[in-house]
Amino acid sequence: MENGDSNEGYDSSLPVEKWCGDDRLYQWKGCWFRLQYLLGTRQVLDKFKPLPSDVILASFPKTGTTWLKSLLYSIINRSSGACLRSNHPHLLVPTLEVQLYGPQQQSFSNFASTSSSSRILATHLPRQILADAVRPADCRVVYVTRNPKDTLTSFWQFVLKSSSYEEPWPLEMAVEKESLERPEKVFFITYEELKDDTKTQVKRLAEFLGCPFNGDGEEEVLDEIVMSCSFEKLSSHEVNKSSEHSPWMRLPMSSFFRKGEVGDHRNYLNNEMVERIDAITVEKFHESGLMY
Ligand code: A3P
């Protein structure tokens, strides 16, 4: 297993599939995981104790997690851009199954301190896996999603940057791998909505979090947060341009910032790929109200 750490949580009877490079994916509870995330996930389910004051950011990878981490941290801490200039967003808000549990685990106190009593935690785990563990705490959940074709394009580009995959990962194969109650507690947003009118959406998000921008001078704070969390601003900071690898994955810290645009899949996917993904999306999500 990776990093020579404990194999706790590994079950050799799990279905396994070759992924890109010489990596493997393991199927557990209907989802496919790389080994280190499977181990982290099983530890989350065994050990994570959510608190009612927690705010949990839930997202599929490449749907805007880094942006939302910056926004949530800034809204809750009423932070100017200073903290974002010197800390990568993933070191402000840790991801449960990647950074707080599993082979790469660090203690929550290693992440940037917050002036709020709310812990902000992120996860890429789907609802069917994490919901039972989190529901008793009745904490707030912010869920971001994104057009699947842009998500796939972003993900494919991200994986290509990983030093561990020497062979290029054909986009055709990536396309084949494309595998969804409580309104006061769950905030749902799409990357596209956030991109279209960031200020309005950040205002809504702050209201949901119970810290609205309605005091004296708060309009300026809101503008400042929107600006300091913008792709242009965040991607200009040295900490976010760094080619150093993150402590928890084999990728440069700069990998979380690529183009930050809507519709970039048109530059990569051919018509056949688009039709294939659209068909899968209709099949899987036609009853979800999430169709693009
Ligand atoms: P692209 O690859 O399309 O550029 P995640 O944070 O979930 O890994 O998602 C990464 C995607 O969000 C990448 O998309 C990245 O460029 C984009 N992104 C990162 N920070 C952003 C920001 N502040 N505003 C808009 N998009 C951002």
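Annotations
- Cα principal axis extents for the stretch 24-177, largest first, Å: 45, 35, 28
- Taken along the Cα-to-beta-carbon direction at a fixed 7 Å, the label points for Asp197 and Val239 span 3.2 nm.
- Dipole moment magnitude, nearest 20 debye, the chain about Cα centre, only Lys, Arg, Asp, Glu C-beta charged: 480
- Packing around the peptides 266-279, 223-236, taken as the average count of other Cβ atoms within 10 Å per residue, puts them in this order, highest first: 223-236, 266-279.
- Distance in nm between pseudo-label sites at Glu224 and Phe188 (7 Å out along the Cβ direction from Cα): 3.4
- Each of Lys259 and Ala82 was given a label point 7 Å from its Cα along the Cα-to-Cβ line. The distance between the two points is 3.7 nm.
- Debye log10 I(q)/I(0) for the chain, one point scatterer per Cα, at q = 0.09, 0.12 Å⁻¹: -0.43, -0.81
- Listed by chain and number, the lysines placed with their C-alpha closer than 24 angstrom to that of Lys259 are Lys62, Lys69, Lys149, Lys161, Lys177, Lys195, Lys199, Lys233, Lys241; residues fewer than eight positions away on the same chain are left out.
- DSSP bridge pairs, the stretch 49-285: antiparallel proportion in percent, nearest 5: 5
Taken together, the values in this text are just the output of simple stated rules run on the coordinates, not laboratory data. In this text, all values refer to a predicted model and were calculated from it rather than measured experimentally. A quick note on method: Cβ atoms are made from the backbone with ideal geometry, for glycine too, and the neighbour counts reach across all protein chains shown.
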